[in-house]
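S.K.: Right, I'll just put the structure down here and ask away after.
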Amino acid sequence: MKPISLEITCQLAEYSELKSEDRELVDKAMQMTEASYAPYSNFHVGAALRLANGVVVGGCNQENAVYPLGLCAERVTIFSSQAQYPNTAIMTLAIAARNTEGEFVTEPVSPCGSCRQVILEHEMKYNQPIRILLVGQKGILIFDSIKDLLPFSFTSDSLDS
Ligand code: THU
């Protein structure tokens, strides 16, 4: 037996340090929390992504009285982008969240496991790393690839091995 250590590097940035394209995504993700339908959790999540063609697509979580039927902001946004612009890679995805009183989360909000898997699918599909911006009042965490958030992942490659 031998230990295996993983090293993950991400950046913690202030909003003012972001380049304008990333600021636009953060702004849009925060704005999209206003369209969130979250009467059960009162946790309003917004997301915004930039496609390879430059188009920005936004989305937000959509809940249901039958709780498991709700869908996270990340998947709403990704599926919407791919329905509108098929065969177009996703370059960057920003995620923001706030409570019903309008207070944005202090710690950067992190995607759930299911959303990480869906983000990975799109990285693999286009062979294009997706940058991820996680927004919190403390700052913005930046990952260069979903692989940093989902190590030892299952992909279509796993089916062939
Ligand atoms: N949610 C998201 O939309 N994205 C996340 O990254 C975490 C959780 C939603 C699902 C549900 O509507 C609410 O937040 C509470 O879990």
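S.K.: State whether one or more residues within region 143-156 are more than 13 Å from the ligand (Cβ to nearest atom), modelled with pLDDT of 95 or more, touching a Cys at 6+ places or on another chain (Cβ under 6 Å) and in a strand (DSSP E or B).
M.R.: Yes, region 143-156 contains at least one residue that is more than 13 Å from the ligand (Cβ to nearest atom), modelled with pLDDT of 95 or more, touching a Cys at 6+ places or on another chain (Cβ under 6 Å) and in a strand (DSSP E or B).
S.K.: For region 8-17, check the following and say yes or no: at least one residue is surrounded by 12 or more Cβ atoms within 10 Å (Cβ to Cβ), more than 12 Å from the chain's Cα centre (by Cα), within 16 Å of the ligand (Cβ to nearest atom) and of a type in the set (S, T, Y).
M.R.: Among the residues of region 8-17, not one is surrounded by 12 or more Cβ atoms within 10 Å (Cβ to Cβ), more than 12 Å from the chain's Cα centre (by Cα), within 16 Å of the ligand (Cβ to nearest atom) and of a type in the set (S, T, Y), which makes the answer no.
S.K.: Which of (1) among the hydrophobic types (A, V, I, L, M, F, W, C); (2) over 17 Å from S114 (Cα atoms); (3) touching a helix residue (DSSP H, G or I) at 6+ places or on another chain (Cβ under 7 Å) does A29 not meet, given it meets every other one?
M.R.: (3)
S.K.: Go over the candidates Q84, Q11 one by one and state the one that is within 28 Å of G139 (Cβ to Cβ) and either among the polar types (S, T, N, Q) or modelled with pLDDT under 95 (or both).
M.R.: Details: Q84 fails: within 28 Å of G139 (Cβ to Cβ).
Step by step, each of Q84, Q11 is checked, and only Q11 is within 28 Å of G139 (Cβ to Cβ) and either among the polar types (S, T, N, Q) or modelled with pLDDT under 95 (or both).
S.K.: Considering only region 102-142, state which residues are at pLDDT 95 or above and among the charged types (D, E, K, R).
M.R.: R116, E121, E123, K125, R131
S.K.: Could you name every one of the strands (runs of 3 or more DSSP E) located completely within region 18-131 that has at least 3 residues being within 14 Å of the ligand (Cβ to nearest atom), surrounded by 13 or more Cβ atoms within 10 Å (Cβ to Cβ) and touching a residue at least 40 places away in the same chain (Cβ under 8 Å)?
M.R.: On the way: elements: 43-51, 56-60, 90-99.
Once the strands (runs of 3 or more DSSP E) in region 18-131 are filtered for at least 3 residues that are within 14 Å of the ligand (Cβ to nearest atom), surrounded by 13 or more Cβ atoms within 10 Å (Cβ to Cβ) and touching a residue at least 40 places away in the same chain (Cβ under 8 Å), what remains is 43-51, 90-99.
S.K.: When you scan region 92-108, do you find a residue that is touching a Phe, Trp or Tyr at 6+ places or on another chain (Cβ under 8 Å) and closer than 30 Å to D157 by Cβ, even just one?
M.R.: No, that holds for no residue.
The values are calculated or read from the model by the stated rules, or taken from the named source; none is laboratory data. What you see is a predicted model, and the numbers here were worked out from it, not measured in a lab. Backbone-built Cβ (ideal geometry, glycine too); neighbour counts: all protein chains shown.
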